[in-house]
Amino acid sequence: MEKWKIEMQRSFRKPEEIVRKFPHIDLNSLRNITSIFPMRITPYYFNLIQVIDDPIYKQVIPDQRELEDFSGVPDPLNEEEQSPISGVVHRYPDRVLLTVTNVCAVFCRFCTRKRMVGKRAITINNIKEGINYVKENQRIKEVIISGGDPLSLCDENLEFIIKEIRSISHIDIIRIGTRMPCTLPLRITPSLCKMLKKYHPLYINTHFNHPRELTEEAKKSLEMLADSGIPLGNQAVLLKDINDDAKTLSELFRGLLKFRVKPYYLYQADLVEGTYHFRTPLGKGIEIMQSLQGNLSGMCIPKFILDTPGGGGKVPLTPKYLQKVLPEGVLLKNYQGKTIFYPEVNSRGEKMPFENIQLAFDFEEIIKGDKKN
Ligand SMILES: *Cc1c(COP(=O)(O)O)cnc(C)c1O
C-alpha cells in the first residue's frame with residue numbers, strides 16, 4: 001500500500017488517542033465534541049505540534065467552546081440551497097463547485113463545511129450527476145473540485161472525475177482545492193503529478209495558515225506540483241490567536257511565495273456553528289491588510305475576503321485608500337499613511353472633474369471600535 005494511504009489510516013480519530021498524548025484533556029468532554037464534530041489528524045500534522053495551544057494544536061484539537069457557540073449556523077453560505085443537485089454548488093455564473101468527497105486528511109476545527117465533513121458520504125452517483133449538470137450548462141467555464149479534500153480519493157477515482165470534466169468542451173479551467181501539501185505532503189506522489197499534468201490547464205489552491213506549516217516536506221510536495229506546471233495559490237483563514245497579526249502573516253506569505261505558491265485569498269472565518277472562538281473582528285483583517293500593502297512584495301499579498309451569509313458570494317475588503325473626492329481629482333492615502341493628490345486630467349493635460357464616484361464603505365469606524373476592545 002502507498003505510504004500516504006497508510007498515513008491516512010493511522011490518522012488519530014479516537015478521543016482516547018488524543019487523551020493519551022494530552023492527559024489534561026477530559027475524555028468525556030472530547031467524546032461529546034467529537035460525537036458532533038468528528039476529529040481527524042494525520043500523524044504528520046500532529047507531530048508539528050510543539051506545545052499545548054500552539055498554532056498547530058489549535059487548528060486540529062477539539063475545543064469545548066465548539067459546543068458553546070450559538071452565534072453560528074450549520075450552513076452560513078447557503079450552500080445547500082444553491083445546490084441544484086447533491087454535491088454541486090452553483091453560485092456564480094461561470095463556475096461551479098463540485099464536492100467529490102466528505103473526507104479530509106485533517107479535520108480543521110474552523111472548517112466552513114463542518115456540517116458535512118466526516119459525516120455525510122458522497123456517492124459516485126452524486127459525482128456523475130454533478131458532472132452531467134456541468135455538461136448541460138454551457139455557461140460554466142470552470143469546475144472547482146472540492147470536498148472534503150479531493151486528494152483523499154485514490155489516483156484512479158480522482159482521474160476518472162478529472163478526465164470526465166476535461167472531456168466537456170465548454171470547460172476551460174479545472175481547479176482543485178486541497179490541504180494535502182500542508183496536512184499530508186506524502187500524498188503528493190510522482191504518479192499523482194504525472195496524472196494531473198495530463199489535464200492542463202489545471203490549477204491547485206492549497207491551504208496553509210501558519211509559517212510553522214512550511215516544512216521541508218511541504219516544500220517538496222509543492223515543488224513537485226509546480227514542476228508539473230500547476231500554478232499554485234493559497235487560501236488562508238484569518239484565525240484568532242493563531243495568525244491574526246501582520247508579522248505571522250507576512251512570514252507565511254513570504255514563505256509561500258518562496259515555495260512558488262501565490263497567496264490568493266485570506267478569508268474572514270465564516271459564521272459556522274462551533275467556530276466562534278476562531279473569529280476576529282472585521283476591522284482586524286483590514287488593519288492587517290493595510291500594514292502588509294507596500295511593505296511586502298505585491299506578489300505575496302492576497303485579497304482579504306468575506307464570504308457573505310446566505311450565499312451572496314465573496315466580497316473583498318480593502319483598507320480605505322481613497323480618502324476624499326475633490327473637484328479636480330482624489331486624495332489618496334499611501335502605504336506610509338501620507339496623503340497624496342492624484343489629478344484627473346484629459347488628453348490635453350487639462351484638469352477635469354472626477355467621475356464615477358463609488359466610495360467604499362467607511363470601515364475606519366469599525367477599526368477604531370476594535371482598538372477600544
Ligand atoms: C469560493 C467559491 C467559488 C470560487 O470563487 P473564486 O472567487 O473564483 O475563487 C466558486 N463557487 C463557490 C460556490 C464558492 O464558494
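The values are calculated or read from the model by the stated rules, or taken from the named source; none is laboratory data. This is a predicted model, so every value here is computed, not measured. Neighbour counts run over all protein chains shown; Cβ positions are idealised from the backbone, glycine included.
Taking the conditions (1) modelled with pLDDT under 95; (2) more than 16 Å from the ligand (Cβ to nearest atom); (3) out of contact with any strand residue (DSSP E or B) (no Cβ under 9 Å at 6 or more places or on another chain) in turn, GLY312 satisfies each one other than (2). Reported count of residues in the stretch 240-285, each being closer than 20 Å to LEU225 by Cα, among the aromatic types (Phe, Trp, Tyr) and within 16 Å of the ligand (Cβ to nearest atom), is 2. In the stretch 90-103, the residues that are in contact (Cβ under 8 Å) with a residue 40 or more places away in the chain form Cβ pairs under 9 Å with partners that are within 6 Å of the ligand (Cβ to nearest atom) and among the β-branched types (Val, Ile, Thr), at six or more places apart or across chains, as follows: ARG95/ILE144; VAL96/VAL89; VAL96/ILE144; LEU97/VAL89; LEU97/ILE144; LEU98/VAL89; LEU98/ILE144; THR99/VAL89. Under 7 Å between Cβ atoms, which residue pairs at least 6 apart in sequence (or on different chains) link something in the stretch 105-132 that is on the phi > 0 side of the Ramachandran plot with a partner that is part of a loop (DSSP other than H, G, I, E, B) and surrounded by 23 or more Cβ atoms within 10 Å (Cβ to Cβ)? That search, which allows pairs on different chains as well, returns GLY118/PHE107.
Among the numbered conditions (1) touching a Pro at 6+ places or on another chain (Cβ under 7 Å); (2) outside any loop (DSSP other than H, G, I, E, B); (3) surrounded by 20 or more Cβ atoms within 10 Å (Cβ to Cβ), the only one that PHE107 does not meet is (2).
Total residues in the stretch 72-87 satisfying the condition of being within 11 Å of the ligand (Cβ to nearest atom), more than 18 Å from the chain's Cα centre (by Cα) and touching a residue at least 40 places away in the same chain (Cβ under 8 Å): the figure is 1. Just checking, does the stretch 88-102 include any residue being crowded, with 18+ Cβ neighbours inside 10 Å and acidic (Asp, Glu)? There is no residue in the stretch 88-102 that is crowded, with 18+ Cβ neighbours inside 10 Å and acidic (Asp, Glu).
Annotation: of all residues in the stretch 293-309 being more than 14 Å from TYR265 (Cα to Cα) and touching a strand residue (DSSP E or B) at 6+ places or on another chain (Cβ under 9 Å), the one that is farthest from the ligand (Cβ to nearest atom) is PRO309. Of the residues making up the stretch 19-47, those that are touching a Pro at 6+ places or on another chain (Cβ under 9 Å) and either exposed (fewer than 12 other Cβ atoms within 10 Å of the Cβ) or under 17 Å from ASN209 (Cβ atoms) (or both) are ASN28, TYR44. Of the helices (runs of 4 or more DSSP H) contained entirely in the stretch 1-71, those carrying at least 2 residues that are of a type in the set (A, V, I, L, M, F, W, C) and in contact with a helix residue (DSSP H, G or I) (Cβ under 8 Å, 6 or more places away or on another chain) fall at 3-9, 15-21, 27-36.
Among the residues of the stretch 287-330, write down those that are surrounded by fewer than 16 Cβ atoms within 10 Å (Cβ to Cβ) and small (Gly, Ala, Ser). Correct list: GLY294, SER297, GLY298, GLY310, GLY312, GLY313. Looking at the stretch 112-132, is at least one residue among the hydroxyl-bearing types (Ser, Thr, Tyr), away from the ligand (no atom under 16 Å from the Cβ) and either crowded, with 19+ Cβ neighbours inside 10 Å or part of a loop (DSSP other than H, G, I, E, B) (or both)? Yes: one or more hits. Pairs are defined by a Cβ separation below 6 Å, a sequence spacing of at least 6 or placement on different chains, a first member in the stretch 260-277 that is closer than 26 Å to ALA218 by Cα, and a second member that is within 15 Å of the ligand (Cβ to nearest atom) and of a type in the set (Lys, Arg); the pairs so defined are TYR265/LYS303. Does GLU7 count as within 16 Å of the ligand (Cβ to nearest atom), touching a residue at least 24 places away in the same chain (Cβ under 8 Å), farther than 20 Å from LEU238 by Cα and of a type in the set (D, E, K, R)? In short, no.
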